[in-house]
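Scroll down for the structure; my scribbles are underneath it.
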Amino acid sequence: MEYLNNKMNIFFRWLSNSNLLSVDLIYRIYFMQIFGSKLYFRHKVNSFRSCAFCKHLSFDKFLNKYICSHGEYEACGSLIPCIIPDTSYINSRTYIEEEDDIPWLFKEPCLNFDVLDSKNYFKNFISPDLNSSIIKLESLEGIFTGQSSGCIPCHICACVNKEMYSKCSNIKSANMAGKCNKIYDKVNNFYCTEPSLVKTSKVS
């Protein structure tokens, strides 16, 4: 496995230097081939459950939000905490912070949870909008690995809550270590304990 990963890394470095593909497209291929497969198997081993990886979650183009086919939660546009391009306006380059709600990644899965298979595991993170897809994939990588394109993903915590970010005592040690080992737990705890963010009521 290590030998295969080294060969893949050499291949991706060659692609980057060749200018045959855009950097974003190379990252997407890299994510799906290397990090994506590692994350899938890590989640499988740990029986990780999240609505973001559920078969019953899908994107509704009319509502421009993700919806649960079982109606356990109301439609919500926030898949993960991040700032994404606003593509609802023609030729718009405006970036918006996703709505103030618990993102699907951190919602508590219901009894209808059914995990996506390995081929479709990231279907909710992939879209024809390459720019939006890359932002979501990089944020996902940052949340689960503590690194995003080689940098500490402090911008994710700052996006979730600036006070939580400014009071973080892990920034210095994270910079020294080259990654943040607390980001998933820190963000998850914020959504679980923050009194102003009450979980969306189930649809009756």
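Tabulated data for the structure shown
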item: Sole residue being among the hydroxyl-bearing types (Ser, Thr, Tyr), more than 15 Å from Leu105 (Cα to Cα), open to solvent by 40 Å² or more (accessible area, probe 1.4 Å) and touching a residue at least 40 places away in the same chain (Cβ under 8 Å), chosen from Ser173, Ser132, Ser169, Ser149; result: Ser149
item: Every pair of residues 6+ apart whose Cβ atoms lie under 7 Å, when the first sits in region 54-68 and is farther than 14 Å from Pro109 by Cα while the second is β-branched (Val, Ile, Thr); result: Ser58/Ile67; Asp60/Ile67
item: Matching entry among Ile80, Ile67, Ile84 (being among the β-branched types (Val, Ile, Thr), open to solvent by 20 Å² or more (accessible area, probe 1.4 Å) and modelled with pLDDT under 95); result: Ile84
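Condition check ((1) in a helix (DSSP H, G or I); (2) within 17 Å of the chain's Cα centre (by Cα); (3) closer than 26 Å to Lys186 by Cβ; (4) at pLDDT below 90) across all residues:
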| position | (1), (2), (3), (4) |
| --- | --- |
| Gly71 | no, no, no, no |
| Ile90 | no, no, no, yes |
| Leu111 | no, no, no, no |
| Asn124 | no, yes, yes, no |
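The values are calculated or read from the model by the stated rules, or taken from the named source; none is laboratory data. Not measured: the values here are computed from a predicted model. In this analysis, Cβ positions are derived from the backbone assuming ideal geometry, glycine residues included, and neighbour counts consider all displayed protein chains. Side chains included, ligands, DNA and RNA excluded: accessible areas come from the protein's heavy atoms. Shrake-Rupley method; radii C 1.70, N 1.55, O 1.52, S 1.80 Å.
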